[in-house]
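A quick write-up on the structure given underneath.
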Amino acid sequence: MKRITLFVMSALLVTGVAAAAGNADLDIDKVNGSIHVPDNATVGKLSTVNGSIHVGDGAHAADASTVNGSIHLGANVTIDALDTVNGGIHVGAGTKIAKTIEAVNGSISLAAGTDVAGKVSNVNGGIALTAAHVGGGIETTSGDIDIGANSRVDGGILVNQDNSWFHFGVSRDPRVVIGPHAVVQGDMVFKRTVQLYVSDSATVGKIEGAKPVTFTGDKPPQ
């Protein structure tokens, strides 16, 4: 794998040379700075501390990892995995994730047509799917989960017990919504109290640790 100085890398991205080069072995590392990958670029691993990662529409990357920063993928991106600590993850429409999405203290949102082959997990922060697919299950501890209309989750859902001794603000029970025509294949296991709402047109597997409230229409009552 080749490494390029931050100065040279910045110049490449600004001029769009990286997109033309199609350089799959080009890794980008930064400290105290964000990474911007142009539309249709092909790059290797993306890693930063104290900065965010932005990947343009139609781009290809090996994986993206941040500490104290968010990750934002455009539409129709292909990438292996996403990982962040203290930052949210937004995945654009039609994007393909070959492995997993992991966040600590950050929300995760998957736009329509997103396909994640592996698990989607975090500790704190909401997880929301809009007509998206997750192949390896969903796991959280304190975040809300919204499996939007026409989404599919294979591998079930796990909400872990919250063993933390300190909370910012008032702790509340997570809200879990399985929307219209959504499918959750596999068990839904809740190791803490949650508010569980399941659409009357959704398909779900075995539910353990919670009693579902059935709703009609687009959304359950607030």
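Here are the numbers:
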{"quantity": "Residue 163 versus residue 68: modelled label distance in nm, points set 7 Å from Cα along the beta carbon direction", "calculated": "2.8"}
{"quantity": "Dipole of the chain, positive end: most advanced residue of 90, 125, 52 [Cβ charges, Cα centre]", "calculated": "125"}
{"quantity": "Simple spin-label estimate for residue 200 and residue 150 in nanometres, 7 Å along Cα-Cβ", "calculated": "2.2"}
{"quantity": "Residues in segment 61-79 reached by a label modelled at residue 86 [backbone nitrogen below 19 Å; 7 Å Cα→Cβ]", "calculated": "65-72"}
{"quantity": "Residues residue 112 and residue 49, FRET efficiency given R0 of 30 Å [Cβ-Cβ distance, rounded to 0.05]", "calculated": "0.40"}
{"quantity": "Geometric extent, Cα atoms of segment 98-198 - Rg, Dmax (angstrom)", "calculated": "12.7, 38"}
{"quantity": "Tail fraction, Cα-Cα pairs, the chain, threshold 28 Å, whole percent", "calculated": "33"}
{"quantity": "Inter-site label distance for residue 219 and residue 57 at 7 Å from Cα along Cβ, in nm", "calculated": "2.7"}
{"quantity": "Kirkwood-type radius of segment 74-137, with distances r between different C-alpha atoms, in Å", "calculated": "11.1"}
{"quantity": "Angle between the chain longest axis and helix 6-15 axis [Cα atoms, degrees, rounded to 10]", "calculated": "80"}
{"quantity": "Cβ-placed point charges (K, R +1; D, E -1), dipole of the chain about Cα centre in debye, nearest 20", "calculated": "200"}
{"quantity": "Within the chain, helix-based [θ] at 222 nm, where runs of 4 or more DSSP H residues each add -39,500 (n - 2.57), nearest 500", "calculated": "-2000 deg cm²/dmol"}
{"quantity": "Dipole-positive endmost among 215, 35, 189 within the chain (Cβ charges, Cα centre)", "calculated": "189"}
{"quantity": "Relative contact order (%) - criterion: Cα under 8 Å, at least six apart; region: the chain", "calculated": "9"}
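Readers should treat all values here as calculations from the given coordinates under stated rules, not as data from a laboratory. Small disclaimer: the values here were computed from a predicted structure and weren't measured. Here Cβ is always computed from backbone atoms with ideal geometry, including for glycine, and neighbour counts include all displayed protein chains.
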